[in-house]
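The values are calculated or read from the model by the stated rules, or taken from the named source; none is laboratory data. Keep in mind the model is a prediction, meaning the values are calculated, not measured. Neighbour counts run over all protein chains shown; Cβ positions are idealised from the backbone, glycine included.
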Amino acid sequence: MDRTALLEELKQALVVRVERPAPPEGKLGLIVVDVVRGFTRSGSLADPASMAPMVEAVNDLVRDLDRRLGDRLRVLVLRDRHPADIPEPPYPPHCIVGTGEERLDPELDWLLGRPGTTVLDKDCINGFVGALTPLGDGTWRSQLSDWVVEQDLRGLVLAGDCTDICVSDLAVALLSARNHGMLTRTNGDHREAYVQAITELPILVFAPGCATFNLDPDGPLPGDNEALRHPAQLAQHVGLWLMASRGARVIDGFAGQTRLRGSGFSG
């Protein structure tokens, strides 16, 4: 199958509009999803060739926004981290605690000591679910929604991997959480202010800082497991389209920003 021709057909059929908006007024939250060594460097799901441009783009974006926004920028780092005895089908073991795969990519290690950075570990695909903490009485607390509300964030930017898996799951969850009033301090009793609060919180996806892995060899996959076949360019576009179709806004930077390194994505 001609993947290049198919990609062009997808771009025509599933159009992704790419923007370059001004940064939102107030504090901006950047969520860096799963840029860990088990995906970017080595491991059963690692794809360094596909991930390297994304890592560079995320690094450049944080440094650029730090210069432009100063203490108006808040960063949340989500790290995939799995106990050895709990599988995550259909994927092989990855980012197991203690292997080093669960550690942040070396190029982004500096984020861990950066003021205004919060780190959350997750043990499942969807970071919104992974950030839920059991309170011991059968109820759960959302550390992610708490972070958005406590920091009084006026916009969220998502970047990381994989575009069509963990990033898209998080984006879709955040869009639902926004409409459910979980990302605002405004009480639903004050209807006009509440509607304004949930509709004016943009969920932005930084396309050059998103990447997915390539698993598309000629012939059958080992074990004849076609469910894991994953042509990266097609999956990248479908992932971006899926998020955009749910209400996220796909961006390639912010107004006034010089072009950053990255995947070179164009819709």
Legend entry - Filter result for PRO53 (of a type outside the set (Phe, Trp, Tyr), in contact (Cβ under 8 Å) with a residue 12 or more places away in the chain and part of a loop (DSSP other than H, G, I, E, B)): no
Legend entry - Which numbered condition PRO92 fails, given (1) closer than 29 Å to PHE254 by Cα; (2) over 16 Å from the mean Cα position of the chain (by Cα); (3) not charged (D, E, K, R): (1)
Inset, instruction - Answer yes or no: is there a residue in segment 85-101 that is touching a helix residue (DSSP H, G or I) at 6+ places or on another chain (Cβ under 7 Å) and charged (D, E, K, R). - result: yes
Inset, instruction - Sort out which residues of segment 212-267 are within 16 Å of the chain's Cα centre (by Cα) and at pLDDT below 85, and write them in order of number. - result: GLY262, SER263, PHE265
Inset, instruction - Determine whether THR139 is hydroxyl-bearing (Ser, Thr, Tyr) and either surrounded by 15 or more Cβ atoms within 10 Å (Cβ to Cβ) or at pLDDT below 95 (or both). - result: no
Inset, instruction - Could you please let me know if LEU78 is at pLDDT 95 or above, buried (at least 17 other Cβ atoms within 10 Å of the Cβ), within 15 Å of the chain's Cα centre (by Cα) and farther than 30 Å from ARG229 by Cβ? - result: no
Legend entry - Scan of segment 178-217 for residues that are part of a helix (DSSP H, G or I), among the small types (Gly, Ala, Ser) and surrounded by fewer than 19 Cβ atoms within 10 Å (Cβ to Cβ), ordered by number: ALA193
Inset, instruction - Enumerate the strands (runs of 3 or more DSSP E) found wholly within segment 95-157, keeping only those where 2 or more residues are under 20 Å from the mean Cα position of the chain (by Cα) and farther than 30 Å from ALA46 by Cβ. - result: none
Legend entry - Qualifying positions in segment 1-20 - closer than 29 Å to ALA46 by Cα and either assigned to a strand (DSSP E or B) or aromatic (Phe, Trp, Tyr) (or both): VAL18
Inset, instruction - Scan (1) assigned to a helix (DSSP H, G or I); (2) on the phi > 0 side of the Ramachandran plot for the single condition LEU175 breaks and write down its number. - result: (2)
Inset, instruction - Please work out if GLU25 is of a type in the set (D, E, K, R) and surrounded by 12 or more Cβ atoms within 10 Å (Cβ to Cβ). - result: no
Legend entry - Close pairs from segment 131-159: first in contact (Cβ under 8 Å) with a residue 12 or more places away in the chain and closer than 22 Å to PRO24 by Cβ, partner acidic (Asp, Glu) and surrounded by fewer than 20 Cβ atoms within 10 Å (Cβ to Cβ), Cβ under 7 Å, at least 6 apart: ARG154/GLU25
Legend entry - Candidate set from segment 21-50 (those that are touching an Asp or Glu at 6+ places or on another chain (Cβ under 6 Å) and either hydroxyl-bearing (Ser, Thr, Tyr) or assigned to a loop (DSSP other than H, G, I, E, B) (or both)); member that is nearest to LEU120 (Cα to Cα): ASP34
Legend entry - Failed criterion for ASP164 (all others in (1) more than 30 Å from TYR91 (Cα to Cα); (2) within 21 Å of the chain's Cα centre (by Cα); (3) acidic (Asp, Glu) hold): (1)
Legend entry - Pairs, first in contact (Cβ under 8 Å) with a residue 60 or more places away in the chain and within 12 Å of ASN214 (Cβ to Cβ) in segment 30-49, second among the hydroxyl-bearing types (Ser, Thr, Tyr) and part of a loop (DSSP other than H, G, I, E, B), C-beta under 9 Å, six or more apart: ASP47/THR212
Legend entry - Condition check for ILE86: buried (at least 17 other Cβ atoms within 10 Å of the Cβ) and under 25 Å from SER42 (Cβ atoms): no
